[in-house]
Amino acid sequence: MANHQSNGQNGLQQGQIVVVVVPFPAQGHLNQLLQLSRLISAYHIPVHYVASATHNRQAKLRVHGWDPISAANIHFHDFPTPFFPSPPPNPNASIKFPSHLQPSFQASLCHRDPFNTLLDVLSPTYRRIIVIHDSLMSSIVQDIPYTPNTESYIFHSVSAFTTFLYFWETMERPFAIESEILKDLPSLEGCFTSEFLKFIRNQHDHIKFNSGHLYNTSKVIEGPYINLLAKKQITKNKKHWAIGPFNPVTINNNYNFLRRHTCLDWLDKQAPNSVIYVAFGSTTSLSDEQIKELAIGLERSNKRFIWVLRDADKGDVFDGEEKEEERRVELPKGFGERGMVVRDWAPQLEILGHSSTGGFVSHCGWNSCMESLSMGVPIVAWPMHSDQPRNTVLVTKMLRVGLVMRDWGRRHEVVEAAVVEEVVRRLMGSEEGDEIRRRAAELGGAMRRSVAEGGVSRRELDAFIAHISRYSEI
Ligand SMILES: *[C@@H]1O[C@H](CO)[C@@H](O)[C@H](O)[C@H]1NC(C)=O
Ligand SMILES: *[C@@H]1O[C@H](CO)[C@@H](O)[C@H](O)[C@H]1NC(C)=O
């Protein structure tokens, strides 16, 4: 209180702080920033979440475990957005990056004006405005240096490992790092379209005006890389906090009682660690040929499985939802007796948290990695694009909690059924697999302790909140 008063005399406005959150419009990013909004609002700080109407709707609809609409302290703003085409994904594309989403990314760059208008509205009422934006949306917030009592923080929704390497390489390797990291490190070739690389570069041109960085990762899994990011050559003495994972690590079964997915009932009937979960996230579509090989390989492995088989999201996930225009690939005859194929939105966290689940065939998107590792489930890596090839290195080589299914160097080839069969068996039915599972379980335990009260991730979030609500001059 004493502080409060003395700052009133300094001319700073009395009253609360407010947070404005600017997500990047792809599912993994929308979700992370919505979860962050929930965490911040729990400190009694109002949060404004800004996106196009369709992306706000998508984020709210797909959230698991809590209801963002009834969260009194979170305010959604549907920013006017120009029409953008929403073509279906191309399952045959040689680069797996979801280039069909590009028009939706581009359209969201028009939010600079409504964003500035919102700041003008909030500015007189609050002591300080804190903007937290996805690193890929930096151009939207570029006018912040001209707005009174406002500061901005960059949210990185990818691993510290890949973020560090990105900065370090674009700065032309300002210092030496452990050679083990660089050995066999996949280049960025084939990870993005050239259009999207240009988009990233444009956004990164605007990140110089920030007050700090937030990472959705945990010191428990990425301590060494968080320390590398902290070096002043990289983040120029800016503050940073590693506040992840923060998915609900204990699953609230009551909430989902009424709409429990049938695959969870099926899991209840299986033996501990006997099921392998197969899912490639919301931005990947497999070719017909690949789907068949995967099906045959799973069948031959003789292991039980849950396979989420769906196409990548479209830029507007609600576009064409009434029409039955989804591609539906025929699976081999008699397929699926040992498992379940899920074609709708699967409760991934619940599946990973279930004791029957013993492995995860994953594209290694950062969300999936964090969810799997926090649940102690080892990963079979099948990277598709973006940061995924490097996350694969982190998971399989640095942390040693997974196996590689798809070698990035052979990304243009179909992964054959024989490879699927062999790697699934190695993870689910060998001593090597048990060893990997034991390490994953250990890491999962450490991660869950880190987000509990008094844990290291929780303390980081407390420290961030204390920092943004401090009573000193900006
Ligand atoms: C992809 O290739 C298959 C043949 O392998 C073809 O039947 C299908 O129409 C193609 N799909 C698209 C969207 O080009
Ligand atoms: C961090 O990532 C996890 C895993 O994807 C996600 O569930 C969680 O909501 C994210 N946390 C924040 C604060 O964004």
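Across all Cα pairs in region 258-448, the calculated P(r) in 5 Å bins from zero up to the longest distance comes to 1, 8, 17, 21, 22, 17, 9, 4, 1, 0 percent per bin.
If the viscosity is 1.567 mPa s and the temperature 4 °C, what Stokes-Einstein diffusion coefficient in µm²/s follows for the chain when Rh is the Kirkwood radius over Cα pairs? Before the final figure, lay out each step's value.
Numbers: Rh = 23.2 Å.
Stokes-Einstein gives a translational diffusion coefficient of 56 µm²/s.
Placing +1 on each Lys and Arg Cβ and -1 on each Asp and Glu Cβ, with no other charges, gives the chain a dipole about its Cα centre of roughly 1060 debye.
Going by accessible area, probe 1.4 Å, with all protein chains left in place, what is the ranking of GLU180, GLU289, largest first?
Working: GLU180 75, GLU289 120 Å².
The ranking, largest first, comes out as GLU289, GLU180.
The lysines within cross-link reach of LYS238, meaning a Cα-to-Cα straight distance under 24 Å and a gap of 8 or more places when in the same chain, are LYS208, LYS219. A 1.4 Å probe run over region 258-448, with the rest of the protein chains in place, finds 41 Å² accessible per residue. When only Cα pairs below 8 angstrom with a gap of at least 6 residues are kept, the chain shows a relative contact order of 17 percent. Coupling constants for region 311-317 follow from the phi torsions by the Karplus curve (6.51 cos²θ - 1.76 cosθ + 1.60, θ = phi - 60°), and in residue order they are 7, 4, 4, 8, x, 10, 5 Hz; glycine and proline get x.
Helix-only estimate, please: 222 nm mean residue ellipticity of the chain, summing -39500 (n - 2.57) across DSSP H runs of length 4 or more and dividing by its residues, to the nearest 500.
After summing the helix terms and dividing by residue count, I get -11000 deg cm²/dmol.
Length gained on full extension, LEU61 to ASN92, computed as 0.36 nm times the residue gap minus the Cα-Cα distance: 8.2 nm. Here's the picture: charge each Lys and Arg Cβ at +1 and each Asp and Glu Cβ at -1 in the chain, and of SER86, GLN35, LEU228 the one pushed furthest to the positive end of that dipole is LEU228.
Report the residues of region 387-420 in range of a label on SER287: point 7 Å along Cα→C-beta, backbone N strictly under 19 Å from it. Answer for this model: 405-420.
Could you tell me what percent of the accessible area of region 258-448 is made up of carbon and sulfur, with a 1.4 Å probe and every protein chain present? Working shown, then result.
On the way: 3590 of 7920 Å².
For region 258-448, the apolar C and S fraction of the accessible surface comes to 45 percent.
Note on ASN302 and SER70: the extension gain reaches 79.0 nm, defined as 0.36 nm multiplied by sequence separation minus the Cα-Cα distance. Using C-alpha pairs under 8 Å with a sequence gap of at least 6, the mean separation divided by the residue count of region 287-374 gives a relative contact order of 35 percent. Maximal additional length on extending the HIS44-ARG459 stretch stands at 147.7 nm, based on 0.36 nm per residue less the C-alpha distance.
Counting heavy atoms of the protein chains only and a 1.4 Å probe, report the per residue accessible area for region 100-152 as a whole number of Å².
Details: 1680 Å² over 53 residues.
So region 100-152 comes to 32 Å² accessible per residue, rounded to a whole number.
Identify the GluC sites (Glu not before Pro) of region 381-474 meeting these criteria: DSSP loop state and at most 12 other C-beta atoms within 10 Å of the C-beta.
GLU413, GLU453, GLU473
Residues of region 359-402 with an amide N closer than 13 Å to a point placed 7 Å from the Cα of LEU197 along the Cα-to-Cβ direction: 386. Computed with a 1.4 Å probe over protein heavy atoms only, the accessible area of ILE74 comes to about 10 Å².
Going down the list LYS198/LYS236; LYS239/LYS314; LYS96/LYS198; LYS303/LYS333; LYS60/LYS292, which pairs span over 26 Å between their C-alpha atoms?
On the way: LYS198/LYS236 24 Å; LYS239/LYS314 36 Å; LYS96/LYS198 17 Å; LYS303/LYS333 18 Å; LYS60/LYS292 34 Å.
With Cα atoms farther than 26 Å apart: LYS239/LYS314; LYS60/LYS292.
Loop-located GluC sites (Glu not before Pro) in region 325-373 (DSSP state other than H, G, I, E, B) with a sparse environment of at most 12 neighbouring Cβ atoms within 10 Å: GLU325, GLU326, GLU330, GLU337. Rounded to the nearest 20 debye, the dipole size of region 306-429 about its Cα centre is 760 debye, using +1 on the Cβ of Lys and Arg and -1 on the Cβ of Asp and Glu.
The values are calculated or read from the model by the stated rules, or taken from the named source; none is laboratory data. Source: prediction; values computed, not measured. Cβ coordinates were reconstructed from backbone atoms using ideal geometry, including for glycine residues, and neighbour counts include every protein chain displayed. Keep in mind that these areas ignore ligands, DNA and RNA; they rest on the heavy atoms of the full protein, side chains included. Shrake-Rupley method; radii C 1.70, N 1.55, O 1.52, S 1.80 Å.
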